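Asks: Let me give you the structure first, and then I'll get to my questions.
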């Protein structure tokens, strides 16, 4: 409703509005785009160009695929891998990601690696050395440091959760 109201205030009536997306049937002038962007930001929304939005979604897909569904270790540098895959310099991709997602690619990547580490600890009962190797950490200390930074807890905390869960399931 807010988006429709802002579009109507700018005299833009030929549009299709659905959850998270607006398709405008007429070409907007630069002035109209700027006014729309300002109005949307005041309401907590943001105008994202289609191609940039798709590129950010592609980055997210690649990260999720690498971390959660790829059994092989990433042998190359992640920055180089992403640059080659998307045909853009990593710095440009990271700035775009930061602009749209309000976080860096690296932080997004680390967050997913830690989520995967928690899964491997709790559900697959892997030890920290196996997890560090599988998630391509240089050392277990690096993994433990990032784990604590992201979750606020050491990996051993999640191992205890797994142990408690197993005891409860055995007694049920």
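The values are calculated or read from the model by the stated rules, or taken from the named source; none is laboratory data. All values derive from a computational prediction rather than experimental measurement. Note: ideal-geometry Cβ built from the backbone for every residue, glycine included; neighbour counts use all protein chains shown.
Asks: Scan the range 122-136 and give yes if some residue there is more than 23 Å from residue 163 (Cβ to Cβ) and within 19 Å of the chain's Cα centre (by Cα), otherwise no.
Replies: Yes, the range 122-136 contains a residue that is more than 23 Å from residue 163 (Cβ to Cβ) and within 19 Å of the chain's Cα centre (by Cα).
Asks: When you check residue 120 against the structure, is it part of a helix (DSSP H, G or I), assigned by TED's automatic domain parsing to the domain that holds residue 68, at negative phi and surrounded by 14 or more Cβ atoms within 10 Å (Cβ to Cβ), yes or no?
Replies: On the way: part of a helix (DSSP H, G or I): yes; assigned by TED's automatic domain parsing to the domain that holds residue 68: yes; at negative phi: yes; surrounded by 14 or more Cβ atoms within 10 Å (Cβ to Cβ): yes.
Yes.
Asks: If you check residue 13 against the conditions, is it out of contact with any strand residue (DSSP E or B) (no Cβ under 6 Å at 6 or more places or on another chain) and in the same structural domain as residue 153 (by TED's automatic domain parsing)?
Replies: Values: out of contact with any strand residue (DSSP E or B) (no Cβ under 6 Å at 6 or more places or on another chain): yes; in the same structural domain as residue 153 (by TED's automatic domain parsing): no.
Spelling it out, it is not the case that residue 13 is out of contact with any strand residue (DSSP E or B) (no Cβ under 6 Å at 6 or more places or on another chain) and in the same structural domain as residue 153 (by TED's automatic domain parsing).
Asks: Moving on. Taking interchain pairs and intrachain pairs at least six residues apart, which have beta carbon atoms under 9 angstrom, with the first residue in the range 50-61 and more than 17 Å from residue 24 (Cβ to Cβ) and the second surrounded by fewer than 14 Cβ atoms within 10 Å (Cβ to Cβ)?
Replies: 56/99; 58/85
Asks: Same structure again: What's the number of the condition residue 156 fails, among (1) at pLDDT below 95; (2) touching a helix residue (DSSP H, G or I) at 6+ places or on another chain (Cβ under 6 Å)?
Replies: The one condition residue 156 does not meet is (2).
Asks: Here's something else I'd like to know. Pairs only if they're at least six apart or on different chains, beta carbon under 7 angstrom, first in the range 138-162 and in the same structural domain as residue 124 (by TED's automatic domain parsing), second modelled with pLDDT under 90 and part of a helix (DSSP H, G or I); list them, first residue then second.
Replies: 158/122; 161/122; 162/122
Asks: Hey, can you tell me all the residues within the range 98-111 that are under 22 Å from residue 135 (Cα atoms), part of a helix (DSSP H, G or I) and touching a helix residue (DSSP H, G or I) at 6+ places or on another chain (Cβ under 7 Å)?
Replies: First, the residues of the range 98-111 that are under 22 Å from residue 135 (Cα atoms): 103-111.
If we keep only those that are part of a helix (DSSP H, G or I) too, we end up with 105-111.
Hits for the range 98-111 are 105, 108, 109, 110, 111.
Asks: Counting only residues that are assigned to a helix (DSSP H, G or I) and at pLDDT 80 or above, how many does the range 41-95 have? Spell out how you get there, then give the answer.
Replies: Taking the range 41-95 as the starting set, the residues that turn out to be assigned to a helix (DSSP H, G or I) are 41-42, 50-69, 78-86, 90-95.
Okay, now just the ones that are also at pLDDT 80 or above, so 41-42, 52-69, 78-86, 90-95.
Selection size over the range 41-95: 35.
Asks: Suppose we filter 164, 114 for residues that are closer than 30 Å to residue 44 by Cα and part of a helix (DSSP H, G or I); which single one remains?
Replies: Details: 164 fails: closer than 30 Å to residue 44 by Cα.
The conditions single out 114.
Asks: Kindly indicate which of 3, 31, 22 is in contact (Cβ under 8 Å) with a residue 12 or more places away in the chain and assigned to a helix (DSSP H, G or I). If you could, list the steps in order and put the result at the bottom.
Replies: On the way: 31 fails: in contact (Cβ under 8 Å) with a residue 12 or more places away in the chain; 22 fails: assigned to a helix (DSSP H, G or I).
One residue alone meets the criteria, 3.
Asks: Further question on the same structure: Can you pull out the residues in the range 95-110 that are crowded, with 17+ Cβ neighbours inside 10 Å and under 25 Å from residue 144 (Cα atoms)?
Replies: 105, 108, 109, 110
Asks: Run residue 16 past the list (1) in a loop (DSSP other than H, G, I, E, B); (2) exposed (fewer than 10 other Cβ atoms within 10 Å of the Cβ) and report the number of the one that doesn't hold.
Replies: Here residue 16 meets the rest and fails (1).
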